[in-house]
Amino acid sequence: MLALQHGATGFSVPVLLVGLGPSVLDIDIGPLLALVPIGLVAGVGYGIAYYYRFTYEVTASTFDVSSGVFARRSREIPYRRIQNVDLSQGLFERLFGLAVVSIETAGGGDTEATLRFVSEDEAERLRAEIRRLTAATGESTADPDSDRSASDEPTASERTRENHSPGGGAPTLLFDLEVRELLLYAVTSFRWGAAVFPIAILVFLGGADSGPGLVPAFVIDAARPFGGPDALEGAAVGPLLVLAAVTAVQWSVFTYVSSAIYTVANYYGFRLGRAGEDFVYERGLVQRYSGSIPVEKVQSVSVTENPLQRLVGYAGLWVETAGYGPDSGSSNQSAVPLAGTDRVYRFAENLTGVETPEFRSPPRLARRRYFVRYSIVAAVIVAAAIGLSRVSTFDRWYLTAVVFVAVPPAAHLKYVNLGYFVGADHLVIRSGFWNRQTTVIPYYRIQTVSTRRSVFQRRLGLASLAVDTASSRTFAWGSPTIYDIDLETAREIHDTGRERLQSALRERARTDDLGLSVDFT
Amino acid sequence: METLHPRIRLIWIARGAIAAVVLAVALVALDQWRVTVPPLAIAAAVAVALVLAVGYAVRLYQVWRFELQDDALYLERGVVTFVETAVPFVRVQHVDTQFGPIERALGLSSVVVYTAGSRNADVRIPGLTPDRARSLQETLRELAVESEGDDAV
């Protein structure tokens with residue numbers, strides 16, 4: 001049993017109050033100001049109480065955390081359920097040599113345990129300790145209700161685990177993001193999340209230069225040279241559309257720039273290494289992130305490429321676990337943010353052991369389907385323009401018919417980026433033009449398989465096959481689906497998936513082979 | 001292939017009827033405060049909604065099937081999008097039986113099967129008699145324990 005240790009938590013609340021208190025309260029200057037010292041004292045009191053009531057303990061089989069001043073909560077997390085351990089350090093933490101440790105498990109809505117304000121050394125020690133104990137329990141209790149693994153001789157993977165696990169040691173470097181790759185990554189990636197930055201800046205600078213209305217004056221000023229309105233009141237539809245277009249362009253440019261800055265700040269100095277059977281990574285310019293991902297927890301591996309990255313021949317590699325990642329709330333961890341496409345595909349093949357996929361395409365009927373679908377979208381746009389021309393002075397609605405030109409290429413591009421490959425031990429699924437994603441799913445990671453057919457697909461004899469794995473996918477990363485293949489093919493792959501899941505599970509029970517290789521570079 | 005209990009149609013029709021009532025209220029409110037909607041149009045819209053709801057319920061009952069196969073629970077369902085799902089027993093995390101108030105009034109219950117997946121993470125089989133629900137839960141639990149894998153997440 002290890003000694004009980006305190007997390008240096010007490011600091012947070014008073015600091016928050018000192019920071020927030022005046023700025024919130026001096027809106028109503030007056031008697032409320034007197035509340036600030038009271039709030040400060042209460043905050044400091046609460047912080048100190050929280051500090052003394054927060055304990056964590058590393059036991060032989062679980063990691064225990066108990067916390068809470070008024071409502072107490074204690075948790076015991078078994079090591080073999082831990083998905084990944086992440087460390088992050090903001091500017092404040094780095095100045096004071098502190099770190100935030102997050103421990104992720106599968107399921108649930110958020111991080112299982114968060115230790116804030118732990119000293120850097122302690123955080124490192126905790127992570128190494130948890131990793132060591134996880135590896136140890138993985139060996140002894142991998143199969144609690146059978147004695148197969150105990151009676152067998154240690155397999156190759158067990159031996160390597162023993163060699164590498166004690167104390168973690170210095171991780172072997174697997175991948176190092178070069179400055180050129182980082183800049184390329186920043187320039188070629190576009191994060192929609194960054195769209196809030198321009199709004200945030202506007203709100204922040206709000207009082208300074210916004211005009212009388214809801215719309216800041218500079219937005220109207222910028223649009224005026226291109227035929228925008230002089231003022232919002234009484235403006236015709238034409239100039240208003242110009243204003244909307246110019247604003248959209250401005251917004252996109254700002255979003256793009258902030259997205260690039262965000263990328264550089266987050267992925268600066270990215271390094272991926274190996275410690276025992278775990279991946280360890282670190283990254284970040286101002287806020288440092290580091291963490292470890294046990295390779296046996298990897299559910300699937302994806303290669304992502306957007307059109308710009310395809311143009312310059314680069315791609316990114318992501319591994320997915322069932323836990324939650326340090327940012328974006330999803331379980332995707334970047335293993336290689338950006339590297340040459342060939343290299344990334346080779347990494348993916350080495351990591352999962354999948355053979356080089358020979359992609360098959362859905363039947364051509366699918367392309368016709370997309371053509372019809374996009375034509376309907378275009379027709380809706382034109383119809384909306386006609387409607388607008390009826391109720392306003394805007395009369396050149398026929399200009400919007402230009403969108404029909406985009407329909408055939410859009411349908412074709414969607415079609416050519418679809419592909420699937422049924423391998424011996426893996427299913428490889430590719431889809432998407434804007435964010436093309438190629439996902440490698442080992443059969444033994446399949447949770448459920450569904451064949452889906454909408455009314456329209458039934459008419460054409462097509463079906464989509466959704467293969468679900470244990471992961472917390474978000475809106476941006478749907479569950480991997482093979483779209484619009486022949487019903488017969490879909491049923492075939494459906495059955496193949498089920499059968500190979502069973503045989504792979506039997507295989508794994510016998511050999512204890514992970515099927516994933518840590519040294520993938 | 002097993003089918004659901006015919007009484008499940010009543011629940012689905014009742015659900016559709018509630019939606020039709022909500023629609024009627026919304027249309028009446030629209031008539032009161034915004035634009036005049038002729039009463040005939042309201043009646044027609046509600047009638048169409050009701051007919052659709054009944055048709056949907058009947059059709060859904062016709063297509064809903066499930067089966068315990070060698071390695072997986074297999075389900076077929078869906079009117080607009082027809083879905084065939086296989087839930088391998090190895091992947092079953094836990095199994096619930098649920099009795100909602102309306103279900104209880106009609107003497108029905110549901111079995112909900114949970115997996116660690118993200119989509120179809122919970123698969124619900126509605127419209128079972130309480131006895132069948134319990135026996136199905138029991139069987140699924142046994143099958144899940146029997147086939148337990150060592151790679152639980």
Fill in: Search result, residues across the stretch A:478-507 that are farther than 16 Å from A:ARG360 by Cβ and surrounded by 18 or more Cβ atoms within 10 Å (Cβ to Cβ)
A:SER479, A:ARG498, A:ARG500, A:LEU501, A:GLN502, A:ALA504, A:LEU505
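Kindly indicate whether A:SER66 is closer than 15 Å to A:LEU115 by Cβ and loosely packed, with under 15 Cβ neighbours inside 10 Å.
Criteria met by A:SER66.
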Discussion item. Tell me yes or no: at least one residue of the stretch A:191-202 is part of a loop (DSSP other than H, G, I, E, B), within 35 Å of the chain's Cα centre (by Cα) and at pLDDT 75 or above.
Written reply: yes
Worksheet, complete the sentence: Within the stretch A:303-324, the residues that are away from chain B (no Cβ under 14 Å) and of a type in the set (Gly, Ala, Ser) are A:GLY313, A:ALA315, A:GLY316
Response to the item:
Note on A:VAL215: of the conditions (1) away from chain B (no Cβ under 14 Å); (2) at pLDDT 85 or above; (3) surrounded by 14 or more Cβ atoms within 10 Å (Cβ to Cβ), unmet is (2)
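Only residues that are of a type in the set (S, T, N, Q), under 25 Å from the mean Cα position of the chain (by Cα) and either assigned to a helix (DSSP H, G or I) or under 14 Å from A:THR481 (Cα atoms) (or both): list them for the stretch A:397-437, please.
A:ASN417, A:SER431, A:GLN437
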Fill in: Residue that is farthest from A:VAL237 (Cα to Cα), among those in the stretch A:379-396 that are small (Gly, Ala, Ser) and assigned to a helix (DSSP H, G or I)
A:ALA379
Practice prompt. Would you be able to say whether some residue in the stretch B:31-40 is without any contact (Cβ under 8 Å) to a residue 12 or more places away in the chain and among the aromatic types (Phe, Trp, Tyr)?
Written response: yes
Discussion item. Return the residues of the stretch B:43-76 that are within 13 Å of chain A (Cβ to nearest Cβ) and either in a strand (DSSP E or B) or touching a Pro at 6+ places or on another chain (Cβ under 7 Å) (or both); say none if nothing qualifies.
Written reply: B:ASP71, B:ALA72, B:LEU73, B:TYR74, B:LEU75, B:GLU76
Worksheet entry | Some residue of the stretch A:338-352 being within 30 Å of A:PRO294 (Cβ to Cβ), assigned to a strand (DSSP E or B) and among the hydrophobic types (A, V, I, L, M, F, W, C) | yes
Discussion item. For the stretch A:438-463, which positions are of a type outside the set (Lys, Arg), surrounded by fewer than 20 Cβ atoms within 10 Å (Cβ to Cβ) and not in a helix (DSSP H, G or I)?
Written reply: A:SER454, A:GLY461
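Okay, residues lined up against (1) in contact with a Gly (Cβ under 9 Å, 6 or more places away or on another chain); (2) without any contact (Cβ under 8 Å) to a residue 24 or more places away in the chain:
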site: A:ILE381; (1), (2): no, yes
site: A:ALA385; (1), (2): no, yes
site: A:LEU388; (1), (2): no, no
site: A:THR393; (1), (2): yes, no
site: A:LEU399; (1), (2): no, yes
site: A:VAL416; (1), (2): no, no
site: A:GLY419; (1), (2): no, no
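Taking the stretch B:77-124 as the search range and keeping residues that are within 9 Å of chain A (Cβ to nearest Cβ) and part of a strand (DSSP E or B), which one is surrounded by the most Cβ atoms within 10 Å (Cβ to Cβ)?
Looking at the filtered set, the residue picked out is B:VAL87.
The values are calculated or read from the model by the stated rules, or taken from the named source; none is laboratory data. Here the structure is a predicted model, which means the values were calculated and not measured. Cβ: placed from backbone, ideal geometry, glycine included. Neighbour counts: every protein chain shown.
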